[in-house]
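Taking it in order: structure first as structure tokens, then the write-up.
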Amino acid sequence: MSLIGGIRPPIAVLSVLLLALAGITALTLGRVGQDAVPKAVKQSQQHFAEDGAIALRASIDESVTDLTRTAGLFSAGDPVPADAVLDKIGSVYQKWMGTAVVEIRSGKLLAARGENVPLAAIDRSTLKDDDGLQPRMVRLENGETRLLAFAVLSWKGRPQQLLVASTSLRFPGISLGNFRSIAVVGQDGNILSTDGIPEPEQVLTDLQRKEVKQSNKQLKAFAKVAAKKSRQHPLMSKEPGSGGYKGVSGHLIGDSFLSERSVAGYATLAAPEPGEQTVATRLGLSVVAMQPVAEDEERVDSSAFGLIAAGALLLIGGVTVFLLLRTVQRPLIRLFLESRRLTRGDLNRPVTVPKSGEAARIGAALERLRRQLLGEPAAAGETPARRRTFGSRTLIAVCGVLLLVWSAPLLLLINRAGDDVQVPQQLVNDQRERTDTLTDRVRRALNEGHADLTSVASLIGARTEPDQMGKVLESTLNQHSRYRSLYVLDKDGKVLSKAGQDPRSPSGKEPSDEAIRVLDDGGKEPVIIGTAELPGGGAAVVGEFRIDFLNSLLKRPGLGAVRVVDKDRKVIGGNTGYFEFEGLPGGRLNALVEGTSQKVGLSPRPSGVLYRDGGDIQIAAAAPFVGGGAAKSLGWTVVSWQPASQLPIPAYTLQNRTVLAGMLGVTAAAACLGWLHIVVVRPLRKLADQAEALADGDRKTVLYPVHHDEVGAVTRSLELIRQQLPTGAQRKRDGVSAPLAGRN
């Protein structure tokens with residue numbers, strides 16, 4: 001018999017699939033909502049740590065790049081005093097806690113600004129090595145950690161000087177919200193910096209001191225575990241096909257304290273593209289974000305439902321398989337045995353005829369053929385009216401209906417999540433805080449871009465030759481991916497030098513006095529232009545930002561759809577497809593942005609909202625630009641929204657798993673019953689017609705077996721019987737037919 005054909009394989013596979021589905025139903029539907037903290041909340045903390053890691057990595061890389069590029073620009077010009085270098089750096093960038101210039105050969109301190117830079121920790125003899133200028137971390141006597149970045153100032157005929165800048169490992173612009181703490185962790189699991197946990201002397205009561213002590217203890221425990229988990233490969237730390245963050249990330253569950261469970265997310269500093277390394281990623285740092293979450297006392301308990309559904313499937317599946325065995329498989333195998341008995345010449349016993357279906361028709365035909373082999377004429381065995389009973393096709397349909405009785409309610413009716421689904425408030429808070437963090441990241445990126453333009457403008461000067469301008473612009477464009485083009489305009493709007501793509505700003509117009517502005521030139525994307533005036537002469541350095549750079553900042557897992565809108569609530573950028581200067585989808589988002597832009601105290605504040613509209617539940621948040629810098633005047637707002645049904649909330653998880661169980665049931669029934677219909681039922685119906693035609697006297701039609709299975713075996717037996725039956729001419733000549741006695 002064929003391995004994939006015949007009556008047995010489809011029924012056996014159906015039995016195995018139904019048993020497996022019953023086990024999956026009992027396990028998966030019974031485990032939903034058993035955790036004290038929903039999976040959505042745990043994943044949200046993981047995404048929060050990823051946001052912190054992205055912000056820290058970008059800040060470190062940007063700081064090192066700016067320091068190196070600025071030193072290169074100074075070295076390309078005439079020698080300047082060390083104090084002038086530090087003053088110029090301090091006026092353009094306000095990111096370093098301390099700066100210093102040291103003569104490399106003698107170690108003499110030439111100038112210093114800000115806090116004291118730990119120069120004693122620098123080994124000048126190793127600066128000439130390949131990684132001698134790589135940033136390094138230094139721990140101060142007070143326990144704090146500083147990151148030192150280096151660049152070389154070199155002029156012909158003068159000793160080389162080392163430009164050193166120190167910065168703390170604190171997060172730029174991270175919105176922590178209430179009770180959240182965040183830490184930078186080294187490779188050894190030690191905490192290098194923390195934010196969000198107050199010092200013991202800053203709290204008033206004993207209970208608050210206990211909370212601070214417990215928080216510090218739990219954060220240290222999380223840091224050790226996160227450092228250990230961060231050593232694995234990023235591909236091994238995620239489920240196959242999950243995608244998302246490029247580095248290692250995850251979530252952790254801690255101890256319970258005062259009815260609150262500590263939940264943490266961790267993430268390593270990862271490069272924007274997989275497989276690459278940056279200055280920050282080589283430091284081996286990780287980020288841990290911890291949040292106390294109230295445990296859910298009203299958990300979704302579906303253990304009983306899972307067991308009941310699995311039991312019902314076993315019962316219905318058992319009835320279905322029993323029907324298939326009793327009314328299809330057993331009669332067909334009996335026909336196979338009876339047909340072979342006739343071909344061997346055993347004609348004494350009557351054929352055992354099944355009770356119904358095609359098997360009954362074939363059995364009746366075999367009995368008539370047995371009599372014809374014994375010498376009876378074909379007409380003698382013909383019955384006046386053949387029985388028309390329910391066939392195998394009807395039985396397959398009945399079995400399909402039985403399985404649909406179990407699958408259809410799960411697929412369409414049971415465990416539907418209505419409009420009363422409980423969405424944890426922590427998710428709304430996290431949406432708001434993450435959106436605020438993203439807003440600050442966009443604002444800082446634009447401010448950094450304008451600071452680069454200011455730095456270039458201060459070093460070029462109005463008297464610089466165009467070819468020298470071009471070299472500086474080309475070097476800046478290669479070091480920063482945020483610009484699509486850089487060029488210098490004179491006071492009449494003429495382009496003196498450019499790098500990158502052709503300018504899209506209006507030609508012939510004098511440089512704008514706006515630091516950053518947005519133009520709509522009728523193209524496919526907005527034009528974001530930054531302008532920095534050159535010292536004297538009215539000329540300016542102009543940089544056009546790539547819209548892809550802005551959109552890349554908005555790609556954050558777990559935030560849903562993200563849009564940057566201007567003062568008129570027109571879309572400037574987004575993490576998914578959008579049209580230039582289109583409006584936000586829906587009046588609720590417009591109202592949210594308008595309400596968020598209102599000042600509360602000294603400045604606007606971010607807001608998060610949970611919308612309920614029937615069964616459609618949506619989490620939305622908006623955060624306006626708040627803070628200094630050139631980008632503040634834009635008045636932009638970042639808004640994000642996502643349906644709650646896409647989050648692993650217990651009610652939606654139970655609904656999705658219930659639907660999946662129903663789909664698996666329908667799939668198993670359709671696959672196995674369809675297989676049975678194609679391989680067995682259709683050939684069996686055709687064979688029944690052929691057997692009856694043969695019994696009625698059709699001796700000319702040759703019977704060919706289609707498959708090497710039970711139906712094919714019965715077909716071969718009928719063909720052998722046809723060959724032994726005498727034709728009408730032989731009957732007239734011989735008068736009687738010879739039986740098959742003695743033939744095999």
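Could you give the length gained by full extension between residue 613 and residue 588, i.e. 0.36 nm per residue of separation minus their alpha carbon distance, to one decimal place?
So the chain would gain 7.9 nm between residue 613 and residue 588.
Using the reciprocal of the averaged 1/r over all distinct C-alpha pairs, how large is the Kirkwood radius of segment 523-666 in Å?
Working: mean 1/r = 0.0563 Å⁻¹.
So the Kirkwood estimate lands at 17.8 Å.
Given charges of +1 on the Cβ of Lys and Arg and -1 on the Cβ of Asp and Glu, with all other atoms neutral, how large is the dipole of segment 473-572 about its Cα centre, in debye to the nearest 20?
Details: 16 positive and 15 negative charges, 106 e Å.
With only Lys, Arg, Asp and Glu charged at Cβ, the dipole is about 500 debye.
With the other protein chains left in place, how much accessible area per residue, in square angstrom, belongs to segment 155-265 at a 1.4 angstrom probe?
57
Of the trypsin sites (Lys or Arg not before Pro) in segment 424-488, which ones lie in a loop per DSSP and count no more than 11 other C-beta atoms within 10 Å? Write down the numbers at each step before the final one.
Working: sites: 432, 434, 441, 443, 444, 463, 471, 482, 484; in loops: 463, 482.
Hits after loop and neighbour filter: 463.
Given a 1.4 Å probe and heavy atoms of the protein chains only, how would you sort 701, 439, largest accessible area at the top?
Of 701, 439, the descending order of accessible area is 701, 439.
Once the piece of chain linking residue 481 and residue 552 is laid out straight, how much longer is it, given 0.36 nm per residue of separation minus the C-alpha distance between them?
In short, 24.4 nm is gained.
What translational diffusion coefficient, in µm²/s and rounded to a whole number, does the Stokes-Einstein relation yield for the chain at 37 °C and a viscosity of 0.692 mPa s, taking the hydrodynamic radius as the Kirkwood radius over Cα pairs?
101
Just the accessible area for residue 35, please: 1.4 Å probe, Å², rounded to the nearest 10?
90
Please give the contour-minus-distance gain from residue 134 to residue 352: 0.36 nm per residue of separation, less the Cα-Cα distance, rounded to one decimal in nm.
69.4 nm
In what order, largest first, do 50, 514 sit by accessible area if the probe radius is 1.4 Å?
514, 50
Excluding ligands and nucleic acids, what accessible area in Å² is computed for residue 18 using a 1.4 Å probe, to the nearest 10?
Here the residue's solvent-accessible area equals roughly 10 Å².
What does the net charge come to around residue 323 if you take all other residues with beta carbon closer than 15 Å to its beta carbon, with K and R at +1 and D and E at -1?
+4
Report, in debye and to the nearest 20, how large the dipole of the chain comes out about its Cα centre when Lys and Arg carry +1 and Asp and Glu carry -1 on their Cβ.
4060
Kindly rank 650-659, 517-526 from highest to lowest mean number of other beta carbons found within 10 Å of each residue.
On the way: 650-659: 20.9, 517-526: 13.2.
Going by the mean number of other Cβ atoms within 10 Å, highest first, we get 650-659, 517-526.
Please go through the residue pairs 88/632; 88/128; 42/213; 220/599; 42/567 and name each one whose alpha carbons sit more than 32 Å apart in this structure. Could the numbers behind the result be given before it?
Values: 88/632 23 Å; 88/128 26 Å; 42/213 23 Å; 220/599 38 Å; 42/567 35 Å.
In this structure, 220/599; 42/567 exceed 32 Å between Cα atoms.
Whole number please: convex hull volume per residue, Cα atoms of segment 98-168, in Å³. Before the final figure, lay out each step's value.
Working: hull volume 5.9 nm³, N = 71.
In segment 98-168, the Cα hull volume divided by residue count equals 84 Å³.
Compute the projected area of the convex hull of the Cα atoms of segment 425-646, averaged over all viewing directions, and report it in nm² to one decimal place.
13.0
For segment 425-646, with all protein chains present and a 1.4 Å probe, just round the carbon and sulfur fraction of the accessible area to a whole percent.
47
Taking just the alpha-carbon atoms of segment 54-160, what radius of gyration and Dmax come out, in angstrom?
Cα-based Rg and Dmax for segment 54-160 come out at 13.8, 42 Å.
Can you give me the accessible area per residue for segment 14-64, using a 1.4 Å probe, in Å²?
Here the per-residue accessible area is 32 Å².
Just grab the label-to-label distance for residue 121 and residue 188, each label 7 Å out from Cα along the Cβ direction, in nm (one decimal).
1.3
Of the accessible area of segment 106-241, with the probe set at 1.4 angstrom, what percent is carbon plus sulfur?
The computed percentage sits at 49.
Return the sequence-ordered ³J(HN,Hα) values of segment 251-265 in whole Hz as given by the Karplus equation 6.51 cos²θ - 1.76 cosθ + 1.60 applied to θ = phi - 60°, using x for Gly and Pro.
9, 10, 10, x, 7, 9, 9, 6, 6, 10, 9, 7, 10, 10, x
The values are calculated or read from the model by the stated rules, or taken from the named source; none is laboratory data. In this text the structure is predicted, and so the values were computed from the model without any measurement. As a convention, Cβ positions derive from the backbone with ideal geometry for all residues, glycine included, and neighbour counts pool all protein chains shown. All accessible areas refer to the heavy atoms of the entire protein, side chains included, with ligands and DNA or RNA removed. Shrake-Rupley method; radii C 1.70, N 1.55, O 1.52, S 1.80 Å.
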